[in-house]
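Below is one structure, written out as structure tokens, with a few remarks after it.
The values are calculated or read from the model by the stated rules, or taken from the named source; none is laboratory data. In this text the structure is predicted, and so the values were computed from the model without any measurement. Note that each Cβ is placed from the backbone with ideal geometry, even for glycine, and that neighbours are counted across all protein chains shown.
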Amino acid sequence: MAAKQPIWGIDVGQCSLKAIKLQAVGPDEFELLAFDIVEHAEILSQSEADATDLVAEAIAKFAERNDTSRSKLVIAVPGQQTLTKFTKMPPVERKKIPDMVQYEASQQIPFDMDEVVWDYQIFGESEGTTEIEVGIFAIRKELIRNYLMLYTEAGLEPAMVQTSPIASYNTARFEMPMPEGEAAVLLDMGAVATDLIIIDGDRIWSRPVPIGGNKFTEALVSAFKIAFKKAEKLKRNAAASRHAKQIFQAMRPVFADLVSEVQRSIGFYTSTHRDTNITKVIGMGNAFKLPGLQKFLQQNLQMEVTKLTGFKHLRPAQVEKKDDFNDNIMSMAVCYGLALQGMELAKVESNLLPVEFRRHVLWQKKRPWFAGAAAMLALGAGAIWASNLSASGTISGAIGNDQGEVPRAKSFPNDEAAMRAVEGARSIAQPLDKAATVAGAAAQLKASFSKADQQSKNAGTINLLA
């Protein structure tokens with residue numbers, strides 16, 4: 001069952017920041033509450049662009065014009081900045097798997113383990129064997145901390161971090177499931193690179209292909225001797241251009257390079273997974289709007305090529321500018337996959353959020369509970385105190401006379417009236433003792449709450465700069 005809390009999925013790409021806000025409204029059904037696209041002034045990969053400043057500006061603009069309160073934020077990091085390794089584990093007891101993965105990660109990750117944030121996912125056992133396939137995902141701490149600082153400086157607190165290829169994979173598994181026994185190649189084409197992911201039942205394999213939308217733009221620059229910005233505009237409007245045929249011919253060599261990379265990847269994967277039957281290519285990213293690309297891939301790969309054209313589990317959008325959302329659906333796969341993970345519906349749930357941020361997120365979840373507990377204790381103490389306030393004079397008198405009355409009552413053990421009077425005075429006094437105890441507990445909890453809150457704030461600032 002999907003979590004009910006609204007989820008923001010945020011993906012910062014080379015050309016823009018894209019974000020969607022989803023909320024579960026039924027079993028496997030979501031409502032689009034909001035979406036946003038913040039275009040960068042320059043493509044991040046351009047030599048004259050200051051990528052850090054442009055990303056910070058986009059995040060700040062997003063935070064300024066969107067309501068993120070009471071929502072969980074799940075963000076993506078580019079696949080090129082992360083390390084992804086897939087390995088097979090020998091048959092062992094389940095409880096021993098974490099230690100074995102820890103050892104395998106130390107062998108696969110080419111950095112000191114203290115310098116990286118890493119996580120893993122078990123993808124199930126291979127057919128006919130007891131081997132377990134494991135995916136290991138890692139990113140350098142310096143990179144992810146610096147990236148998260150751009151969010152925290154804008155007043156945003158991400159709860160999860162996922163790689164963009166895995167987010168795309170989660171979208172494809174949820175929205176475009178393959179028939180049993182068939183596999184697919186997912187191509188999510190960005191500006192600089194294409195995330196190539198093979199979806200093979202519960203198995204996954206991925207690699208970045210160094211061909212993206214910019215390669216097509218550069219081909220137009222070379223063919224028509226025009227500036228990059230003008231070539232980019234020509235590429236984006238190619239489908240409606242009267243020069244579509246010439247544009248396609250100029251980009252044809254890049255199409256051929258992409259086909260070669262896909263064939264090479266399929267060949268490598270099937271050489272180690274001989275039972276795999278790849279029958280389809282799934283295209284994502286706005287580059288798949290290019291005229292002729294889908295047909296070229298289909299003819300040269302000799303298999304069906306489909307594109308992401310919508311989200312079948314999403315209710316029809318009632319948000320402003322819903323036409324803009326529909327026009328950009330092909331570039332929203334990463335955001336959608338991030339939101340799925342936030343709703344606990346993703347196939348892969350690895351999280352590259354550093355431990356200090358996880359502690360802060362956990363504290364923020366528990367904070368309202370502790371505050372409520374302190375308030376209830378204080379309220380309980382006040383209620384007990386108030387309920388006995390009217391009897392305070394009687395209690396004071398009873399306690400004041402206790403020294404004389406108790407010995408006298410005990411000297412006449414048969415005087416039941418005297419004994420009842422003394423015990424009655426004591427029973428009236430007991431609630432005051434309880435009230436004092438509860439009030440003390442409330443004060444102690446409040447002090448602990450304030451101390452923990454300050455520690456949480458410190459963790460979110462000092463550790464960021466470490």
Discussion item. Residues that are assigned by TED's automatic domain parsing to the domain that holds residue 251 and in contact (Cβ under 8 Å) with a residue 40 or more places away in the chain: list the helices (runs of 4 or more DSSP H) wholly contained in region 278-350 that include at least 1 such residues.
Written reply: 293-301
Worksheet, complete the sentence: The residue that is modelled with the lowest pLDDT, considering only those in region 304-327 that are farther than 19 Å from residue 173 by Cα and surrounded by 16 or more Cβ atoms within 10 Å (Cβ to Cβ), is 317
Practice prompt. Tell me which residues, restricted to region 166-202, are within 21 Å of the chain's Cα centre (by Cα) and of a type in the set (D, E, K, R).
Written response: 173, 175, 188, 195, 202
Response to the item:
Among 204, 166, the single one that is at pLDDT 95 or above, buried (at least 22 other Cβ atoms within 10 Å of the Cβ) and not hydroxyl-bearing (Ser, Thr, Tyr) is 166
Practice prompt. Specify which of the listed residues (176, 189) is within 26 Å of residue 347 (Cβ to Cβ), surrounded by fewer than 23 Cβ atoms within 10 Å (Cβ to Cβ) and touching a residue at least 24 places away in the same chain (Cβ under 8 Å).
Written response: 176
Worksheet item: Among all residue pairs at least 6 apart or on different chains, which show Cβ distances below 7 Å where the first residue, located in region 61-78, is surrounded by 19 or more Cβ atoms within 10 Å (Cβ to Cβ) and the second is among the charged types (D, E, K, R) and outside any strand (DSSP E or B)?
Response: 73/157
Item to complete: Mind checking which strands (runs of 3 or more DSSP E) fall wholly inside region 1-96 and carry at least 1 residues that are over 21 Å from residue 324 (Cβ atoms), of a type outside the set (A, V, I, L, M) and at pLDDT below 95?
Response: 16-26, 29-39, 83-89
Discussion item. Looking only at residues that are aromatic (Phe, Trp, Tyr) and at pLDDT 95 or above in region 122-161, which one is nearest to residue 8 (Cα to Cα)?
Written reply: 151
